[in-house]
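The values are calculated or read from the model by the stated rules, or taken from the named source; none is laboratory data. Only a predicted model underlies this, so the values are computations on that prediction, with no experimental measurement involved. Positions of Cβ are generated from backbone atoms using ideal geometry, with glycine treated the same way; all protein chains shown enter the neighbour counts. The accessibility values were calculated without ligands, DNA or RNA, using every heavy atom of the protein model including side chains. Shrake-Rupley method; radii C 1.70, N 1.55, O 1.52, S 1.80 Å.
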Amino acid sequence: MEFDFDNVRAVQFGVGKDNSDEDTFHCVMVDNEIQEALVTMAKDTWVAMGDENNSGEPNRYEPSEKHSSREFLFIPLEDDLAVRLRNLHRAINLDIDQSALDDVNEMFCYFAKFTDEEGRTLTALRRAIQFKGVLKSRLITFGTDALKIIEDKVFKLDNDFDLLIDNEYVYIYRPSSFEFAGRLKEAILEAVGGNIESLQSDLPFVDFDIIEEYASSRPRAARYLASIRSQQEIARIDRQNLIETCTATGVEIQETYNGIVVDEKSIMGFLEVLDRRRYEVNLVRDAPEQYRAPSRTRLR
């Protein structure tokens, strides 16, 4: 990431609100002390991200993976799954609304937008859980000789952010917050058509019509499609090898003039094959074993 945390010249703070089907983002004026705290939060988040993986480098976010609660991941800002966050990062002249904090039930996140001395921008976002939760608590303050209930609304910043966004990537620290803030379920379902079109071009010998219809209303299948499309070697899949792998792992297919047609009951199995999650092990003579991988890490 090319951003100078030690030389930040501008800081904006704001909240994201979920009004039915429309997302709105509002800036709220904050003083210098809060601005400095936000910069520290962003810097600490970047350091924590680097400490999360042994290599210090992020892995690409894959929608079909079961990621840990905290994991250093990235996804290109131009990815279809990053639309909501891309819109926030690129938004300019957001309205300033000091009343945006009045209705916390509509608030799904708070964010900060930073600009360094070189004019580079960075957006940091945190899911609004603790930030809102404090409002439901009774807080006390130390007076001169007695404890007193705080009557005003009190907002508590967290110690770090869930994700950071620059002009190229979304850097993810908490995958579940990325999925929530990015409305990933909706984004993945909306991306089915584009993913199918791309896969059809890469694998012209597969009939994807029934798969598209199936995945358009099933988030898990849609996640597999998004993951498969992101693989660089998808276009190198060999037709005969694909047929043999399906046969070996119990995926029912037929070969027709339209190409390989997958039985509806085997669609998820077929997607698992393409996503490298179904495999066969031959350790016992004449007794091959078929397995499904809940997660996968390529060894070489």
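A straight chain from V47 to K185 at 0.36 nm per residue would run longer than the Cα-Cα distance by 46.8 nm. Taking the Cα centre of segment 205-300 as reference, the dipole from Cβ charges on Lys and Arg (+1) and Asp and Glu (-1) amounts to some 680 debye. Remark: the S201-D158 segment gains 10.9 nm on full extension, using 0.36 nm per residue and subtracting the alpha carbon distance.
Highest mean packing first, where packing is the average number of other Cβ atoms within 10 Å per residue, the peptides 270-276, 7-13 line up as 270-276, 7-13. Taking the DSSP bridge list for the chain and keeping only pairs wholly inside it, about 90 percent are antiparallel.
Determine the alpha carbon to alpha carbon distance for each of K156/K185; K43/K185; K66/K265; K66/K156 and list only those over 26 Å. Violating the 26 Å Cα-Cα cut-off are K156/K185; K43/K185; K66/K156.
To the nearest ten degrees, helix 192-202 and the longest principal axis of the Cα atoms of the chain are 40 degrees apart.
Our estimate of slack between E264 and A37, defined as 0.36 nm per intervening residue step minus the Cα-Cα distance, is 76.4 nm. Computed on segment 156-300, with alpha-carbon pairs under 8 angstrom and 6+ residues apart, the relative contact order is 17 percent. Taken about its Cα centre, the chain carries a charge dipole of roughly 840 debye when the Cβ of each Lys and Arg holds +1 and the Cβ of each Asp and Glu holds -1. Kindly state, to the nearest 0.05, the FRET efficiency for Q232 paired with E289, given R0 = 30 Å and r defined as their beta-carbon distance. Calculated value: 0.55. Averaged over residues, the count of other Cβ atoms within 10 Å places the peptides 174-182, 211-219, 23-31 in the sequence 174-182, 211-219, 23-31, highest first. Accessible surface calculations at 1.4 Å, restricted to protein heavy atoms, place segment 21-122 at 52 Å² per residue.
Ligands, DNA and RNA left out, the 1.4 Å accessible surface of the chain is 44% carbon and sulfur atoms.
Each 10 Å bin from zero holds the following percent of Cα-Cα pairs in the chain: 5, 23, 27, 20, 14, 8, 3, 1, 0. Ranking N32, S216, Q240 by Cα position along the charge dipole of the chain, where only Lys, Arg, Asp and Glu carry charges on their C-beta atoms, puts Q240 farthest toward the positive end.
Each of T115 and D209 was given a label point 7 Å from its Cα along the Cα-to-Cβ line. The distance between the two points is 5.3 nm. Helices in the chain, meaning DSSP H runs of at least 4 residues, each add -39500 (n - 2.57). Divided by all residues, the mean residue ellipticity at 222 nm is -9000 deg cm²/dmol. With the cut-off at under 17 Å, measuring from each backbone N in segment 109-125 to a point 7 Å along the Cα-to-Cβ line of T24 picks out 109-111.
Assuming charge only on the beta carbon of Lys and Arg (+1) and of Asp and Glu (-1), the dipole of segment 149-244 about its Cα centre is about 220 debye to the nearest 20. Using C-alpha pairs below 8 Å separated by at least 6 residues, the relative contact order for the chain is 17 percent. Distance from the C-alpha centroid of segment 57-82 to that of segment 224-275: 24 Å, rounded to the whole angstrom.
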